1. So, of the residues in the range 83-122 that are more than 14 Å from residue 47 (Cα to Cα) and in a helix (DSSP H, G or I), which turns out to be most open to solvent (accessible area, probe 1.4 Å)?
2. Out of curiosity, is residue 80 closer than 15 Å to residue 46 by Cα, exposed (fewer than 14 other Cβ atoms within 10 Å of the Cβ) and among the charged types (D, E, K, R)?
3. Given the criteria touching a Leu at 6+ places or on another chain (Cβ under 8 Å) and at pLDDT below 95, does residue 29 qualify?
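The values are calculated or read from the model by the stated rules, or taken from the named source; none is laboratory data. Small disclaimer: the values here were computed from a predicted structure and weren't measured. Counting neighbours? That spans all protein chains shown, and the Cβs are built from the backbone with ideal geometry, glycine included. Only protein heavy atoms, including side chains, enter the accessible area calculation; ligands, DNA and RNA are left aside. Shrake-Rupley method; radii C 1.70, N 1.55, O 1.52, S 1.80 Å.
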Amino acid sequence: MSELLEYAVTCEVRDRCLCLHLQRVGRVVARMFDEALRPLDLTNGQFSILNALNRPKPPRLTELARFLGMDHSTMTAAVKPLERRGLMMLKADTEDRRGRLASLTGAGHELLVKAVPIWRVTHDRLDELAGENISLGALNKVSGLIA
C-alpha cells in the first residue's frame, strides 16, 4: 500500500500554491467577461483574439498563439468559429507558405467596436473589486510577456 499524504500538505498547497490561486481567479474573471460579452455572442477568449488582431499588419497564426499563451493546435481550433462567423480570415503567408496570416474582417472590426465598451465597464468593475491588489506588471512578469 502506498504512503498517505498528510492533510497538512494539502493545506500547504491550498494556502500557498500560486498556480491554484491563479486558476481560481482566472475562472472567476473569465466568467465575468463571458457573461458581459454574451449579448454579442462572444466569449472572453474570442474577444481577446479579435482584439489581438486589431493591428496594422496581420500576424502569423503562430505569433498570435504565442502572444495569447496558446499552443498552435488550440489556436487553430479557437479561430474556426470566428472564421465561420466572418469575423476574421486566414490567408497564406506569401513569405512563408507554411504559415497563415490572421486578420479581422469588416464585421470583426464592427463587433470589436461594440465589445470594447462592454469590456471597459466590466474591467472597471473588476478594478473596483480588486482595488490595488492586482498588478499587471507582476502578472506579466510571471507570464513572461513583459512588453
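1. In this case the residue turns out to be 84.
2. The answer is yes for residue 80.
3. yes
Conditions tested, residue by residue: (1) assigned to a loop (DSSP other than H, G, I, E, B); (2) surrounded by 11 or more Cβ atoms within 10 Å (Cβ to Cβ).
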{"residue": "2", "(1), (2)": "yes, no"}
{"residue": "29", "(1), (2)": "no, yes"}
{"residue": "42", "(1), (2)": "yes, yes"}
{"residue": "45", "(1), (2)": "no, yes"}
{"residue": "58", "(1), (2)": "yes, yes"}
{"residue": "64", "(1), (2)": "no, yes"}
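Results for (1) touching a Gly at 6+ places or on another chain (Cβ under 8 Å); (2) farther than 16 Å from residue 52 by Cα; (3) at pLDDT below 95, shown as yes or no for each residue.
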site: 71; (1), (2), (3): no, no, yes
site: 86; (1), (2), (3): yes, yes, no
site: 95; (1), (2), (3): no, yes, yes
site: 105; (1), (2), (3): yes, no, no
site: 111; (1), (2), (3): no, no, no
site: 125; (1), (2), (3): no, yes, yes
